[in-house]
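In what follows, a single structure is set out as structure tokens and then discussed.
The values are calculated or read from the model by the stated rules, or taken from the named source; none is laboratory data. All values derive from a computational prediction rather than experimental measurement. So basically every Cβ, Gly included, is an ideal-geometry build from the backbone, and we count neighbours across all protein chains shown.
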């Protein structure tokens, strides 16, 4: 695949990338509250989920992974997708 074609494919992948699930919200409870000390582990897990969903360049990484997997390995990153040759 040529460099310009790769850029165009990556751009169109990014444009059409919409997650169907709701991204994690930041936790409302603070570790420093009365109950927060007891629930510190759960609060830390909630923050980790939030940061994993909102990491910078996430959409670019997802689209790039799918495109590179398809172009280099000729497989789909999604096992539910069947690739057919024309």
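Can you tell me which of 39, 21, 58 is exposed (fewer than 10 other Cβ atoms within 10 Å of the Cβ) and either within 13 Å of the chain's Cα centre (by Cα) or at pLDDT below 85 (or both)?
21 is the lone residue from the list that is exposed (fewer than 10 other Cβ atoms within 10 Å of the Cβ) and either within 13 Å of the chain's Cα centre (by Cα) or at pLDDT below 85 (or both).
What number goes with the only condition from (1) closer than 30 Å to residue 79 by Cβ; (2) modelled with pLDDT under 85 that residue 48 does not pass?
(2)
Does any residue of region 42-56 turn out to be touching a residue at least 24 places away in the same chain (Cβ under 8 Å) and closer than 30 Å to residue 83 by Cβ?
For region 42-56, residues touching a residue at least 24 places away in the same chain (Cβ under 8 Å) and closer than 30 Å to residue 83 by Cβ: present.
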